[in-house]
Amino acid sequence: MHNEPTENILIVDDEDDILQLMSEAVSRWGYNPIIAHDGEDALAKITDLPIDMMITDLRMPNSDGMTLLGKA
């Protein structure tokens with residue numbers, strides 16, 4: 001029997017290739033990846049979903065990573 005991941009890791013980056021790579025890694029580590037394309041998208045996901053950890057890019061459009069961390 002294979003257990004479903006229960007911890008959600010939010011990955012925030014404006015580059016699709018990075019999101020894909022990080023999402024695959026997080027899945028291999030046994031966690032459930034949640035992706036967001038910028039800080040605004042991430043804040044919406046934080047509001048709607050239980051997030052256990054966040055990995056974020058620092059330079060993104062709409063809201064940089066440090067601003068996102070402060071709001072989160």
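The values are calculated or read from the model by the stated rules, or taken from the named source; none is laboratory data. Model, not experiment: these values are computed from the prediction. Neighbour counts are summed over all protein chains in view; Cβ atoms, including those assigned to glycine, are modelled from backbone coordinates with ideal geometry. Remember, those area values only see protein heavy atoms, side chains included, never the ligands or the DNA or RNA. Shrake-Rupley method; radii C 1.70, N 1.55, O 1.52, S 1.80 Å.
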In the chain, the GluC sites (Glu not before Pro) that sit in a DSSP loop and have at most 14 other Cβ atoms within 10 Å of their own Cβ are Glu7, Glu15
Where does the charge balance sit around Asp14 when Lys and Arg score +1, Asp and Glu -1, over other residues with C-beta under 9 Å from its C-beta?
-4
Amide H contacts under 5 Å for Ile55, placed H, 5+ residues apart
Leu10, Ile11, Val12
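Write down the accessible area per residue of the chain in Å², having rolled a 1.4 Å probe over the full set of protein chains.
67
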Degrees, to the nearest 10: 39-48 long Cα axis against longest axis of the chain:
50
In degrees between 0 and 90, to the nearest 10, how far off the longest principal axis of the chain does helix 16-28 point, with axes built from Cα atoms?
30
Computed about the Cα centre, the charge dipole of the chain from +1 Lys/Arg and -1 Asp/Glu charges at the Cβ has a magnitude in debye, to the nearest 20, of 260
Trypsin sites (Lys or Arg not before Pro) in the chain lying in a DSSP loop, each with at most 11 other Cβ atoms within 10 Å of its Cβ, come to Arg59
Counting helices only, and only those DSSP H runs with n ≥ 4, report the 222 nm mean residue ellipticity of the chain as the sum of -39,500 (n - 2.57) divided by its residues, in deg cm²/dmol to the nearest 500.
-12000 deg cm²/dmol
Give the relative contact order (percent, whole number) for the chain; include only Cα pairs under 8 Å separated by 6+ residues.
37
What does the charge count near Trp29 come to, summing +1 for each Lys or Arg and -1 for each Asp or Glu among other residues with Cβ under 13 Å from its Cβ?
-2
If the label point is 7 Å along Cα→Cβ of Arg59, which residues in segment 15-50 have backbone nitrogen under 19 Å from it?
15-19, 37-40
Which value does Rg/Rh take for the chain over its C-alpha atoms, Rh per Kirkwood?
0.98
